Amino acid sequence: MSNSPLPKDDVAAIDELRQVYVQLSTELKKIIVGQDKVVEQLSICLFARGHALLMGVPGLAKTLLISRLAETMSLSFSRIQFTPDLMPMDITGTDILQELPGGKRAFEFAKGPVFANIVLADEINRAPAKTQAAMLEAMQEHKVTVAGRTYTLDSPFFVLATQNPIEQEGTYPLPEAQLDRFMFMIGVDYPSRDEEIAIARSTTGQSLPKLEHVLDGPKVLAFQDLVRRVPVPDHIYEFAVDLARKTRPASSEAPAWLKPLVSWGAGPRAVQNLILGAKARAALHGSYMVRLEDIIEVADPVLRHRVMTTFTAESDGVTSRDVAKRLVDELAKA
């Protein structure tokens, strides 16, 4: 047994969460080859009560992964295919005129696809700003307002959006303020050669296997509450704050090499997500307290869409991920 300051019940619950995470990963491996890091980061977002934006070129099974993740849970799932003609009411729902007994008529609210526990927003950058805003309002407030009436969304509520980085025609890039609503930006990369051979073998034969349910709604909510109770040492809070502050080029704490490379740094929401992500990762790996390695592992998906690079950086081939990695390395050695 550990020397954790957590109560015995919470220690047992973290052990259970670790086992659930192993089961979840095992189920997904029946269909998804590789992408272990992506599965881990999605799981962190789920249990930290955050939303995730998956970035990757077409054909890397982003949509398949999200739909199969929902299959492992006894939760409602809906997919919204974002297109340039998608309207806000296509997401939130709308009032429909219904005929009642006695010949009377009345408006009745028909719920849109956002009323689900897991919502896949496929190619979110293909919809215009008004529709994106309706989706992001639901993500932030867990409510939607239609015709002056407010409706509360089901809990747990988890939005997974996908975005293709190479297609520019017919897209509406998410503004930085809206990108900030996503806890993680998760990069989905090409598989290795061996993984690609395994994909070819497993997906061109018999139908894909059905996955077993590992979690239900009440259990997810209980684990989300548990993650919030994972203790964080003071030096981890200081590391998260120092890391975010060093990304801001106007700050005296920013290193000299960063100032010409970054136009805008991470805000306080990045600090919150660094801490929450580290708490969730610690719990998923069976740790009863956040460790430095936890916050280092979540720094990339938290910061990559919150650090805006300059033209100088782009011309030198320096990305926000490069900047974040160098900052983490310097701070960890300090």
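No value in this document is a laboratory result; all are computed from the given coordinates. As the structure is a computational prediction, the values presented were derived from the model and not from experiment. Here the Cβ is made from the backbone with ideal geometry for all residues, glycine too, and neighbour counts use every protein chain on show.
Straight-line cross-link partners of LYS130 among the aspartates and glutamates, defined as a Cα under 16 Å from its Cα and at least 8 positions apart when in the same chain: ASP85, ASP90, GLU176. Normalised by 2.2 N^0.38 Å, where N is the number of residues, the alpha-carbon radius of gyration of the chain equals 1.06.
Given the peptides 245-256, 193-204, arrange them by the average over their residues of other C-beta atoms within 10 Å, most packed first. Walk me through the numbers before you get to the answer.
Numbers: 245-256: 14.4, 193-204: 11.8.
Ranked by mean Cβ neighbours within 10 Å, highest first: 245-256, 193-204.
I'd like the antiparallel share, as a percent to the nearest 5, of DSSP beta bridges with both residues in the chain. Looking only at bridges with both residues in the chain, the antiparallel portion is about 40 percent. The charge dipole of the range 231-334, taken about its Cα centre with unit charges on the Cβ atoms of Lys, Arg (+1), Asp and Glu (-1) only, comes to about 220 debye.
Around the amide H of TRP264, modelled in the peptide plane, lie the amide H atoms of MET308, all under 5 Å away and 5 or more residues distant in sequence or on another chain.
Couplings for the range 193-201, taken from phi via the Karplus curve 6.51 cos²θ - 1.76 cosθ + 1.60 with θ = phi - 60°, read 4, 5, 5, 5, 5, 5, 4, 4, 5 Hz in order; Gly and Pro are left as x. For the chain, the 222 nm mean residue ellipticity estimated from helices alone, with every DSSP H stretch of n ≥ 4 adding -39500 (n - 2.57) and the total spread over all residues, rounds to -13500 deg cm²/dmol. Each residue of the range 74-83 was assigned a 3J(HN,Hα) from its phi angle through the Karplus expression (A = 6.51, B = -1.76, C = 1.60, θ = phi - 60°), giving 7, 10, 6, 9, 9, 10, 10, 8, 6, 9 Hz with x at Gly and Pro.
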